[in-house]
Structure formats: structure tokens, C-alpha cells
1. Hey, could you check region 21-48 for residues that are within 9 Å of the ligand (Cβ to nearest atom) and touching a residue at least 60 places away in the same chain (Cβ under 8 Å) and say which is nearest to residue 81 (Cα to Cα)?
2. Which one of 114, 105 is in contact (Cβ under 8 Å) with a residue 24 or more places away in the chain, crowded, with 23+ Cβ neighbours inside 10 Å and among the aromatic types (Phe, Trp, Tyr)?
3. If I filter region 146-187 down to residues being within 16 Å of the ligand (Cβ to nearest atom) and among the small types (Gly, Ala, Ser), which single residue comes out as modelled with the highest pLDDT?
4. Can you report the number of residues in region 109-128 which are charged (D, E, K, R) and more than 12 Å from the ligand (Cβ to nearest atom)?
5. Does residue 75 satisfy being at pLDDT 95 or above, among the small types (Gly, Ala, Ser), in contact with a helix residue (DSSP H, G or I) (Cβ under 6 Å, 6 or more places away or on another chain) and within 10 Å of the ligand (Cβ to nearest atom)?
6. Please work out which residue is nearest to the ligand (Cβ to nearest atom), limiting yourself to region 51-72 and to residues that are of a type in the set (A, V, I, L, M) and assigned to a loop (DSSP other than H, G, I, E, B).
7. Every residue in region 129-144 that is within 9 Å of the ligand (Cβ to nearest atom) and open to solvent by less than 10 Å² (accessible area, probe 1.4 Å), please.
8. Please count how many residues of region 23-50 are part of a strand (DSSP E or B) and open to solvent by less than 20 Å² (accessible area, probe 1.4 Å).
Amino acid sequence: MLDQETVRNIFKGEFIGKEIYFLESTESTNDKALEIGKKREDSEGIVVVADSQTKGKGRLGRHWISPPGVNLYFSVILKPDIPPIEAPLITLAAAVAVSSVLRTWKGVPADIKWPNDIMIKGKKVGGILTEMRTSGNEIDLVVIGIGLNVNMPIGDLPEDIRSATTTLEIEKDAPSDRAGLLRGLLAGLDNAYKNLLNGNKRALINGWLSLNCTIGNRVIVRDSNRTITGIAENIGQNGELIVKLESGGTEVVNAGDVTILKN
Ligand code: BTN
């Protein structure tokens, strides 16, 4: 069970978890976190957790299916002192933290599809939506929203995405305790954020590379106005995807959706 009592004191890290709000149902925990972040100067480290969302948001304007009683949906407010151009690194750090926690706590072979889809054996188990507010060249606020399919019956999803999706229950053949998992994830995120602020970008990128399932593969990348096909060659120093095109050139992609082509 996720409830107010359990969630409120579930974790207090150096940065993350200074206050944890629990909502039975909300439109989107990211929207709630953005609202709190706008109102409060001292909002860094506040976490918003919901048992269900009525307008859960995915990347690229998609909807994130968020039924009650089964999954994790939460958002963390951060105020990092880094330039906005480096903000994608926060999402990479979060993806590294989530897949590492799933590996060590749940023993599942989780990895990352660029930029931050959490996968198990080629199927999506979770996603991260980062939203940022800036003034000039400064970050006012970053909200990291994480959704993880835990014990959801796969039939709760629309038919067209079922075969590309998995849940921890399917992978472990047993339901997981959502509260324990939430505690582990917040601890992993706190640690990842600390490392990011310490400025070791190379270590972060190496951590991401060691957990990713994208680089080295033939991929199709779709963004809002183009589709490119090539070999995913590397990521840039701020997390951009570098694709070697079949025509010989190289493209740098900042946002989009990757399909990994089987050789
Ligand atoms: C994706 O498209 O892969 C990102 C999904 C992110 C979903 C989470 S659930 C908690 C938070 N609140 C939202 O509305 N979205 C994120």
C-alpha cells in the first residue's frame, strides 16, 4: 500500500526527500511539483508521489497510463546550479540511478534506451520526463518525473503498446513492494544528484554508457519533424545522441524517439 503515513517519512537524503507529499490521485505529479516549485523558494528536494494520475504525461506529448494501486508515479524538484544546456545530464543521471536500483534491488537486467527509457530485455518498464523552467541563462527549477510499471496488469494498457511494455511483476514473476522500491529509488537519485553536482560529467556519461542498450546499434530516430536511420555512435558531453548516417554524414539529435533495429 502507498499512503500518506508510509510515504511521508520514507526517505530523507542530503538533497532529496526534505518533504514528501502524497496524493491519492492528481492530474500529473510533474504539474504538482512545478506548481510547488514556482510558489516556494526553498523547494529543492521536495518529492510529490501519487497513487494514480488522471493526466499522466509522457515524453513528446504522450499520455502516461497511470492506474491506481499498482505502479509508481513521482516527481522530484531540483534547483541545480548548472547552465540550462547541461540539464539533460540530470535526466541521464536519473536514468542511471533508476536502472542501477532495479538491478541491485530487484535483480532485473534493466538498461537504458536513449535518452531515458528504462528497459528490461527490450521492453519498456519505466520512463522519465524532465521539465525545466529557466530565467535567462539560469535554471530556476527542474522537475524529474518518474513512472515505473510495477504490478500493473498488462491488460490495463492499450493493445498497441502491450507487446513493447513490461512490468516488474512480469519480470520477477511476483509482485513488488512499491514503498520499498520508492525508498531505494529516492536514495539512488539522491546519490546520483550529489555526483552530478560534484561535476564529474565524464563519470556520469561512462555510467550511462555502461547501462545503455542503444549505442552501437542500427537505429531509427524520430523527432517532431524528421526521421533518420543510422548507427547510434555515441552520446555527446551533454547527452545528445550522435548518429552516423547511412549516407556517411553524422547527425546530432537532442530529442526524439529511438527504435533499435535488429541486425
Ligand atoms: C516517458 O514518456 O517515457 C516519460 C514518462 C514519465 C511518466 C512520469 S509518471 C510521474 C511523472 N508525472 C507525469 O505526468 N509524468 C511523469
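The values are calculated or read from the model by the stated rules, or taken from the named source; none is laboratory data. The structure displayed is predicted, hence computed values, not measured ones. Using ideal geometry, Cβ is built from the backbone for each residue, glycine included, and neighbour counts are taken over all protein chains shown. Areas reflect the complete protein model, heavy atoms only, side chains present, ligands, DNA and RNA absent. Shrake-Rupley method; radii C 1.70, N 1.55, O 1.52, S 1.80 Å.
1. Of all residues in region 21-48, those within 9 Å of the ligand (Cβ to nearest atom) come to 26-33, 48.
Those still in the list that are touching a residue at least 60 places away in the same chain (Cβ under 8 Å) too: 28-30, 33.
Values: 28: 26, 29: 23, 30: 20, 33: 19 Å.
Only one residue fits best here, namely 33.
2. Working: 105 fails: crowded, with 23+ Cβ neighbours inside 10 Å.
Criteria check complete, one pass: 114.
3. 147
4. Step one: of region 109-128, the residues charged (D, E, K, R) are 111, 113, 117, 121, 123-124.
Retained after the next criterion (residues that are more than 12 Å from the ligand (Cβ to nearest atom)): 111, 121, 123.
Looking only at that region, the number is 3.
5. Numbers: at pLDDT 95 or above: yes; among the small types (Gly, Ala, Ser): yes; in contact with a helix residue (DSSP H, G or I) (Cβ under 6 Å, 6 or more places away or on another chain): yes; within 10 Å of the ligand (Cβ to nearest atom): yes.
Here the answer is yes, as residue 75 does meet what is asked.
6. So in region 51-72, the residues of a type in the set (A, V, I, L, M) come out as 60, 65, 70, 72.
This time we only want the ones that are assigned to a loop (DSSP other than H, G, I, E, B), so: 65, 70.
Numbers: 65: 9, 70: 13 Å.
Once the filter is applied, the top-ranked residue is 65.
7. Selection gives 143, 144.
8. Taking region 23-50 first, the residues part of a strand (DSSP E or B) are 23-26, 46-50.
Then drop every residue that is not open to solvent by less than 20 Å² (accessible area, probe 1.4 Å), which leaves 26, 46-50.
Looking only at that region, the number is 6.
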